[in-house]
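A short worksheet on the structure shown next.
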Amino acid sequence: MAERAAKRQAAGGVDDKAREAYFTASQGQLIWARFKRNTSAMAGLIVLVTLILAGLFSPFLTPYDPTAAGRDMSYQNGAPQIPRMWDENGFSWRPFIYTPERFRSIKTNFRWVTRINRNKRRYMTFLPKGDPYKLFGMAFRTHLFGVDKGKIHLFGTDAAGKDIFSRTFHAINTSLAVGTIGVFLAFFLALIIGGISGFYGGWIDSALQMFTDAIRTVPAIPLFMALAAFIPPEWSAEARFFFISTILGLIGWPTLARRVRTHLLTERNQEYVLAAKLCGASASHIIRRHLLPSFTSYIIVDLVISFPYMVLSETALSFIGLGLKDPVNSLGVMLQNVTQADVLLNYQWYFIPVIFFIVLVLAFVFVGDGLRDAADPYAETRK
Amino acid sequence: MGQFLRFAFVRAIMAVVTLIIVSFIVFSLMEMVPGDCAERYLAFKNTQGSGISVADIDAERERLGLNRPFMVRWASWIWHAFQGDFGESCILRMDISQLLSDKFLISLGIALAALALAYAIALPVGIISATSRNPVLNNTLRLVSYLGLALPNFLLALMIMLFSTMVYGNSLTGLFSPQYRDAPWSWDKFVDFAGHAWLPIFILGWSATAFAIQTVRALMSDEIGKLYVTAARARGISGWRLLRRYPARHALGPIINSLGFDLNRVFNELPVVALILTLTEAGSLLIEALARSNDQQLAGAIIFLLTGSIVALNFFTDILLALADPRVRHSILGRSA
């Protein structure tokens, strides 16, 4: 389209600048120009950036500490509290929620029951001081919002009284971190193994391919489960976190390595590589300066596309109790208890984080797809 | 024919080599895990109240042959594994092949059925979406297949459970009705099984379908722009006949080729889904074997079996592909000869 537009303008003799800009644009600018025209990919990008920022600033955006330190003893398994501006008692400029009260009497068989008192309002406050947290190495106490009395739980609370809203946002952070480490490790291995295989070819290639194919046939999750079960239970949450990320990276490399290899195999016979060789360039120089730049865009696209699978694998593993454990928050950790009939029937707000994760994964998929189309220089001529 | 047999033979050798490499990786991993079978069994007995000494552990190692060198044990393990004998489970002290045979076959059946379901949907849908120029249809299909990717199977399973508990008050779990659980296989048992198995099959098929649609669509849209299709159209062939006879035949090759890896993906999701639906097939048995008792003998056997079935499927699809496509046959023979 840009080509056509450029041609049209050039033919009219109106604007040579657009044409000039098109022909002198760098690869990055061209990709960005194509990407911007893809509405669904742009929407995905906006959502993705929002979610990433929300994850990064989660301690500020959420009112409470996501671990047991921030739990609300008086509101366990509590339903979501939706702020409102008016009710039968009148209108308020400041959004408010009601106060839940626990009571028991002969009517409730002396069991504790939570009842909402509509006459006692809790008004929302903005930028209150709350649980301490660290952001970029600095200590803060200010949160975006809170309530004047007691606590507010937009998404309800879990069995321990932990705020699901706070946990969800912190979980985004965890998932992104696990995914990033996993993707980069996979990428690193893929680049080395695929690079060696594709650049040297011959028997090295055959041997490495045999090895890669063998790895690819092993179902990763069952294998991982086998290994994860042997993690000593006394490992700290951080140690587990790095272990899981590493494993995800170790599992993820073969597909990427294969793609790197295929690309190198076709590229290394191109004239520009021959020219560099004739000029006396070393193997590592050719790889770094000529071959890698020829497919950076593909690599970036592959990384973005493989990201959601890392996130999903982590979620699945934590969910079955073989991944991350409690003080760390991730979607899988949060969903650990939901298969119980009790939760399914009575506490459906446990599922609210799921929506965020579906959106996160979808955003990644859309952006990845958009990038793939944008990075393909022949996409326009083919249509 | 002789040529074809040679090709099949080469492929069989390659499959066996792959299995040997895999078995080596799996076996080494199971060795690297802290503690061995003897310690584990005796530690288990210790919890049952019998006192255990170091001498007992050494004697048990001797009995299990764990004091032999690593390579010897690996060789003997793989030798027996190829004969379908995986030794005894570390903790349960039961013959593993006996323990697994039924459960493994059920898992395999469910996984293959899910795969079949996925392609039964994906082939027509993928072809339609590659050829149709209707943007509404295309975008809907894209969205559905994205959802299949983004909504992991275990979440889907949870949603279905949530829904069925809310609506029917019944959580649709298990694979057999109680009266058939230990009964020998019969027609009634099979019917009962099918009545329960559709849910895991559907759930596993869900994301497999999403993947398959994307693959079929990508392959078809690559082929459909090629000159031979235009040439066929110029000769007056059109509609489904054209698609079936020209681009679909070309696109089918890579699809058959990737079936093994699709099975891999289904296996990856099997244990998680199985856990939610509390099915008693190999998947959930794997979790049980691992999460509770760290049984490396059992774990190794299960992973070997799963990988073995993927390698076997890869082998069969290669043979199938060679039957359908002489180019593949020649390329393999050309390299090995």
Completion exercise
Kirkwood-based Rg/Rh on the Cα set of the stretch A:69-162 evaluates to 1.04
Problem - Long-range HN-HN contacts of residue A:152 with modeled amide H, under 5 Å - result: A:147
Completion exercise
Residue by residue through the stretch B:19-32, the couplings from Karplus 6.51 cos²θ - 1.76 cosθ + 1.60 with θ = phi - 60°, in Hz, x for Gly and Pro, are 4, 5, 4, 4, 4, 5, 4, 4, 5, 5, 4, 5, 7, 6
Fill in the blank from the handout: The long-range amide H neighbours of residue A:120, using H built 1.01 Å from N in the peptide plane and a cut-off of under 5 Å, are A:99
Handout entry: Phi to ³J(HN,Hα) by Karplus 6.51 cos²θ - 1.76 cosθ + 1.60 over the stretch B:108-117, Hz, x for Gly, Pro
Key = 4, x, 5, 4, 5, 5, 4, 5, 4, 4
Practice task
Taking chain A as the reference, fit the longest principal axis to its C-alpha atoms, fit the long axis of helix A:352-375 to the helix C-alpha atoms, and give the angle between the two in degrees, 0 to 90, nearest 10.
Solution key: 20
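Which links in A:17/B:226; A:129/A:325; A:134/A:162 stretch past 25 Å when you go from one Cα to the other? Intermediate values should be presented prior to the final figure.
Numbers: A:17/B:226 36 Å; A:129/A:325 29 Å; A:134/A:162 19 Å.
The pairs that break the limit, which is 25 Å between Cα atoms, are A:17/B:226; A:129/A:325.
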Exercise for the section: For residue A:144 paired with residue B:9, estimate the spin-label separation in nm (one decimal), with each label point 7 Å from Cα along the Cα-to-Cβ line. Expected result: 7.0
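Given the Cα-Cα distance of residue A:39 and residue A:116 and 0.36 nm per residue of separation, how much length would full extension add, in nm?
23.3 nm
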Fill in the blank from the handout: Diffing the stretch A:308-314: the Karplus 3J(HN,Hα) column from phi (6.51, -1.76, 1.60, θ = phi - 60°), in whole Hz with x for Gly and Pro, holds x, 5, 4, 4, 5, 4, 4
Problem - Nearest-ten-degree value, helix A:39-56 long axis tilted from longest Cα axis of chain A - result: 60
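Assuming 0.36 nm per residue, please report the length gained on full extension of the stretch residue A:50 to residue A:192 beyond their Cα-Cα distance. Write down the numbers at each step before the final one.
Working: separation 142, 0.36 × 142 = 51.12 nm, distance 3.35 nm.
Gain on stretching residue A:50 to residue A:192: 47.8 nm.
Please work out the FRET efficiency for the pair residue B:202 and residue B:17, using the Cβ-Cβ distance as r and a Förster radius of 35 Å; give the result to the nearest 0.05. List each step's numbers first, then the result.
On the way: r = 37 Å, r/R0 = 1.04.
Rounded to the nearest 0.05, the efficiency is 0.45.
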Exercise for the section: Quick one: Debye curve from the alpha-carbon atoms of chain A only, equal weights, vacuum; give me log10 I(q)/I(0) at q = 0.06, 0.11, 0.15 Å⁻¹ to two decimals. Expected result: -0.36, -0.94, -1.32
Completion exercise
1/(1 + (r/R0)^6) with r = Cβ-Cβ of residue A:236 and residue A:136, R0 = 25 Å, i.e. FRET efficiency to nearest 0.05, evaluates to 0.65
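Rule-based calculations on the coordinates, nothing more; no lab input. For clarity, every value in this text was computed on a predicted model and none was experimentally measured. Because the Cβ atoms are built from the backbone with ideal geometry, glycine has one as well, and the counts that use them run over all protein chains shown.
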